[in-house]
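Colleague: Take this structure, written in structure tokens, and hold onto it; I'll ask about it next.
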Amino acid sequence: MRIHVQNVLRAHDEDALSGKVEKDSVNGRTVDEVFRTLGTLMAVGGAGGWRLTAASKGVREAFALFGLEEPKSGAITLS
């Protein structure tokens with residue numbers, strides 16, 4: 001997984017340098033930095049229900065880079 005993330009980050013950096021895409025908060029980050037950024041998104045709660053914390057700009061841009069739907073804060077259902 002780390003190798004795939006590293007390859008995606010490298011390709012994204014190259015695309016930003018060549019002008020194919022705009023620079024964003026993901027540019028120039030290491031794999032560890034991206035994982036730490038994604039680690040800020042958490043599910044919090046208890047017996048009364050669970051909800052996602054608000055997604056930062058870095059989290060939203062990392063999700064977009066990997067083609068994932070942006071996480072929505074608010075109540076979630078656990079199965």
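Any read-out appearing in this document is the output of simple, stated calculations on the displayed coordinates, not a laboratory observation. For clarity, every value in this text was computed on a predicted model and none was experimentally measured. As a convention, Cβ positions derive from the backbone with ideal geometry for all residues, glycine included, and neighbour counts pool all protein chains shown.
Colleague: Could you name the lysines in cross-link range of residue 72, using Cα to Cα under 23 Å and dropping any fewer than eight places away on the same chain?
Modeller: Partners within reach: 57.
Colleague: Please give the FRET efficiency for residue 70 paired with residue 32, using the beta carbon to beta carbon distance and R0 = 25 Å, rounded to the nearest 0.05.
Modeller: Given R0 = 25 Å and the Cβ-Cβ separation, E is 0.65.
Colleague: Helix-derived [θ] at 222 nm for the chain: sum -39500 (n - 2.57) over DSSP H runs of at least 4, divide by residue count, nearest 500?
Modeller: Estimated from H runs of four or more residues: -13000 deg cm²/dmol.
Colleague: Which residues' amide hydrogens lie under 5 Å from the amide hydrogen of residue 50, considering only partners 5 or more residues apart or on another chain, with H built in the peptide plane?
Modeller: Those qualifying (amide H under 5 Å, at least 5 residues apart or on another chain) are 76.
Colleague: If you don't mind, there's one more thing I want to ask. Report the rotationally averaged projected area of the chain based on its alpha-carbon convex hull, in square nanometres.
Modeller: If I average the Cα hull's projected area over directions, I get 5.9 nm².
Colleague: Charges at C-beta only: +1 for Lys and Arg, -1 for Asp and Glu. How large is the resulting dipole of segment 9-79 about its Cα centre, in Debye rounded to 20?
Modeller: 260 debye
Colleague: Now, a different point. Along the charge dipole of the chain, Cβ charges K/R +1 and D/E -1, which of 21, 37, 49 sits furthest on the positive end?
Modeller: Checked the options; the winner is 49.
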